[in-house]
């Protein structure tokens, strides 16, 4: 898929546009007003058309049937109710209630479902009848072969679960059509009451629609008074409830309404990156005029749209023909959007050759099983792909060069390339030797019999006597003499995940005691991640073990949930945290004197427990895994998102690792996430297990139930002894008032401590890949 | 299963006991000390024996290999490490490291795994080697055919996920043995430092074991200082993590250590009711002496044990032979436990005939599909079971009697029993008529052709001309004349779940306009519920749709999570809340004039949104559903847990309904749960959908990340205009500093509001039974 023109621009036609077109003289090329408008819109350069499915007539009929209840004139009410019942039994439109009747009119059209339908009304009957109306509209849109319908926005946090239940039912009953939930990126009613910069158009979300339900979540504060929860995450929270109730249906997407102005930089926006944004809704009124009078967007909106380009969104422009801005005319709006597209960093990176983004085209958010080069013999084409990396091999050569330059001995320096593949490190080592002017010889070890043919060919054609080839597995092979410098490229996306530690344990047999390993160490790093796309991909993959294996993924529609800021508990680390390290040669080696190999693999087991701060509410879908390696001295390789550009910019060989979670875990703003990960090993396998727990800082309050233990009044006083009236049975109660006092103290102690705030657990994931269920690395 | 002697008592043998027995003269009947001790214990009346699997020798060897690191003498360290590696490669015992070697010794024995194993040590190596040791011990126990092993207690909240991961691995690798996690009911270190009432025995959990890891969860408070979280739920929280990570494995149970004294009445204890308690560990030191010197238990412990009897636990008594109490000797302890058993209210209820508990024996926590009497014709034996209910029919007769007594007309009163089954209501109606002295006639409607035979037989034998039988479905049948009083028994556990509303809609055709329906109304009620047992049962049932259908269940090992107390938000209702009501006859009927039937079933759709306060942390596994019906006047039927005894005590006909959740939802203390439930209907089916969201009151704090939007310094001042240096491109930015200010205000507003506390969402369940997936009620 090419990155040129990633964005489609759609023009929103209004009912007024259609009414106006109907009054125009007949057009020989277009038999209906909608066809005439569509042709017009396309001739102006728009890619697509978006229009309402229904007319005001439908709204009037539905309202009269389903909302009007006089409560005075019972005969009128009964007539309305009878009409409504007849409609409920057999829902359908009349001709003048819809905007389109022909297949041609609907071709390529995105239909707006009646936005006045209150699927989340507080009133049961309104909700019930709005659902029937929605089903009727979707059935009609499907009849016209409409591919995507934009749903009326949810208006009420209070009844969003009812809205969501309805959408889920519609997704199940209409098996083809895509549904897109229209949603403001935040709820502008949290702003102080101040006039909008320009009057909103009728097509804007915030006008013209009945909103009897309050769109704000209002809860009493802890002093009993009412205060509105000013929550910038509120609309996202509604979306999260909707898509969760719809079980992440892949036919459900977002139409993000960008009408309200956006802050220039705010963490609360980044969460949208992980969501399935299909449309961006942008009224002309959101544009402001620049000094020349041309329509441009506020800076916050600009940068949000630039960042959203990776979603290849359809931008729905509304009111571009209303002449709101003095310069540029109708086309100025779409030209401006094309300008944003061209200046989007993501698009620019993708178009620049040599970048990872360019190299990775077509692989974004695509799950690949990690390579198992120890168990499988790689194909030549795989080697070729990796050999294209200009940065990795450059850094290897520098590392070898510096190691040679630093080498103290005067004798011939023995190098060994362990796991040479088709020989790229051999060539780099020879080049480093030549540059260093040192006298050196290379042993070349490879266990892949097929790659060994290539090595033989290269020795004959290029390397001659400067190298000696040895065929076999470095863990067991006999090497004629010990090496001073051991060079290997066994690293995976998570560092040790392709069994570099286990292989190098074997290779240590032929490294001198004071020898150097390149790489000399590597670390594994993790960050918690949200991504609807990856969640769906991982659970769809193969079988129900899909969520038990880590995958190699070029991340795109993902959001790292962790923040760098410290939590109030002070126990959290940075956004991306180190799990563990492997060093070569090992310091604490205990080996079998006979074989030179470790007696067990226990020393390569690892575990980590990491604490992440989650500044903004989000849903945990998995963990992002990265590695960083020190090759030699200050030369390294890194795919750590914050450090890779400093250490090995534009290196292509590794995409990150993705550790999926089977069930999404909801994380509120300001929560803390504890991630446990284990590198497990037995005599035959290595695997990872992972698990997470969420915590939140809460207001302490004494439990309000009536169970508070009190010193039992019947238990006898601590100072008195039980009277003689007691039964002489051996089972009579003892004087345990001391215990009661103890119990009471115990609980009251707890109340005291809970006067402040404390961190409480709020949820956890399952344990993943227990017992190496998917046994993904064979030793 | 009988309720007599539900509790088994096991005697804990210590290593000292075994050492002492080994010094006794040889016993011809017992070839080993363990066999001799076992025989002795059983002769004292104990049911079972519990003993440590390993000796001090094993502890010594393991400690020397795995813990000793001098850091001074590297040769010594290397020798230890070499021994450890050899052991890790091939783990196994020496003869004197185990207490039992023969199958006979292990018969019926519960084995205590070495309690000094720190599976949750902070040190990676200690954990690693403890896991190998645990696997070795379990393998040996399995070899000896031990059925249940009691695991060392988790000691550290910090590393409990590592403990849990290990147990999970052991459950997978040892496919038969049952594992029981020993756990103090709460952590007594939260008590002020005060001496325990008597020195703990070596076998007690709180002595003799190395506890380098702190057993208290210590977190810094919000002012940066350190404060310990005094959390009485902490041990339960550890248990919850363990069984969750072990995915509710049915071979994993609890050995609840009752060493610390218990409060007399405390909400935090009730959660244990929902957990798989297999053993209660009770040292003699927990007993106190009553005035006669006999050992008795503190009142809190007494009542906890009485309530736990429904789990049929094995009580492990330790130190009963140590002579801690002056009277009664060793047998006094188990005699006292038998006394508690006999005085347990649950056991007493089960043993009293006429109670629900007695009637329901064998059905506790057993999932039954709800009856569908409309779709299926019931068997005679089913009718017979329900006819045994003395309370239900008594109340019906009273209701009919009072309705007749209140009836104003002087003419013959027409009664109609709609859905007569085998006729119990007909008989009761005749009896009521006779008592009332009124002149009445009964139409008897039944659609089950088989039951209709029984009705004919009873008419012939008992009822004669006082009744007329009509065969057919009350929704469509023609009845010769309209009734004054319509009597039906169509209620399910949730009221409307056997389609009473739909059936009575049809029967309304033959009820006079001023007629009476018995029942006149009914309500459905819900409460959130926790139960490991029911969670496992529902997910095991049939297919993966197991969690999509409600079940009829006689609850036992369950805990209602909601409290009656008000939450700090003030929005929560009582422990059990009403969902909706149905009234007969309907007030707002709009019917088809031709058929007399409603045009659609829309009026029988219902929905409810309920807010529950959760005082104590727990795991939500489902919803408990109840009904309450008004038959006539103040006569009703109820299975509402708080009201049933007042309205219809000892009524047997209905167990509650259980709405399962597919995934457990963790609810912290003081959280709030929003439950949404819908009664859905289309033209062919009726079904329920349900969903829940959890909320928690949190300390507001500004997000600590660096993303806080600030007025952009480059955005131009609000008071100045952009200078002339700007590029003349039509895409140049506009002066949107006003937007920046707006954005900034917006976020700072949010910070202000978050200075107090607010309710934030912390999790949710899936939507259940969407679209009536399991279509459990056919119309």
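Each reported figure results from applying straightforward, stated rules to the coordinates on display, with no laboratory input. Please read these numbers as outputs of a predicted model, since none were measured by experiment. Counting neighbours? That spans all protein chains shown, and the Cβs are built from the backbone with ideal geometry, glycine included.
Observations on the structure shown:
- Here the stretch B:100-174 is described by how far its Cα atoms reach on the three principal axes: 40, 20, 16 Å, from widest to narrowest.
- Under the shape rule built on the C-alpha gyration tensor, where the axes satisfy a ≥ b ≥ c, the stretch A:365-412 is prolate, since a/c reaches at least 1.5 and a/b is greater than b/c.
- With R₀ set to 41 Å, the beta-carbon distance separating residue A:411 from residue A:642 gives a calculated FRET efficiency near 0.45.
- Three principal axis lengths of the stretch B:350-491 [C-alpha, angstrom, descending]: 50, 31, 27
- In terms of the mean number of neighbouring beta-carbon atoms within 10 Å, the peptides B:608-615, B:382-389, B:460-467 order highest first as B:608-615, B:382-389, B:460-467.
- Per principal axis, descending, Cα span of the stretch B:557-611 in whole Å: 54, 30, 16
- Inter-copy spacing of residue B:684 label points, which lie 7 Å from Cα along Cα→Cβ, given in nm from shortest upward: 5.0
- Considering only alpha-carbon pairs that sit under 8 angstrom and 6 or more positions apart, the relative contact order computed for the stretch A:262-381 is 23 percent.
- Each of B:98, A:181 has some number of other Cβ atoms within 10 Å of its Cβ, and from fewest to most they run B:98, A:181.
- More than 12 angstrom apart: percent of Cα pairs within the stretch A:626-670: 68 percent
- P(r) of the stretch A:325-422 over all Cα-Cα pairs, binned every 5 Å from zero, in whole percent: 2, 8, 10, 13, 12, 11, 10, 8, 6, 5, 4, 3, 2, 1, 1, 1, 0
- Shortest-first nm distances, residue B:338 label point to equivalent points in other copies (7 Å, Cα→Cβ): 9.6
- Ordering of B:666-675, B:304-313, A:554-563 by packing [mean C-beta count within 10 Å, highest first]: B:666-675, A:554-563, B:304-313
- Peptide A:602-610 has a mean shielding of 4, counted as Cβ atoms of other protein chains within 10 Å of each residue's Cβ.
- Note on B:282-292: average number of Cβ atoms from other chains within 10 Å of each residue's Cβ is 4.
- Relative contact order of the stretch B:408-447, pairs being alpha-carbon contacts under 8 Å that are 6 or more residues apart, as %: 60 percent
- Length gained when the stretch residue B:684-residue B:372 is fully extended (0.36 nm per residue, less Cα-Cα span): 110.9 nm
- Exercise: per-residue mean of other protein chain Cβ atoms within 10 Å, A:236-244: 2
- Averaging the sequence gap over all C-alpha pairs within less than 8 Å and six or more residues apart, then dividing by the number of residues, gives the stretch B:1-136 a relative contact order of 27 percent.
- Sorted by Cβ neighbour density within 10 Å, fewest at the top, the residues A:581, B:410: B:410, A:581
- Cα convex hull of the stretch A:600-696 - mean projected area over all directions, nm²: 8.4 nm²
- Cα centroid separation - the stretch B:587-638 against the stretch B:13-87, whole Å: 63 Å
- By the count of neighbouring beta-carbon atoms within 10 Å, fewest first, A:452, A:366 end up ordered A:366, A:452.
- Shape of the stretch A:643-704, Cα gyration tensor, a/c cut at 1.5: oblate
- Sorted from nearest, the other copies put their residue A:103 label points 7.7 nm away, the label point being 7 Å from Cα in the direction of Cβ.
- Three-way shape call for the stretch B:51-185 based on the alpha-carbon gyration tensor, with the a/c threshold at 1.5: oblate
- Mean Cβ neighbour count within 10 Å, used as a protection proxy, ranking A:503-513, A:54-64, B:154-164 highest first: B:154-164, A:503-513, A:54-64
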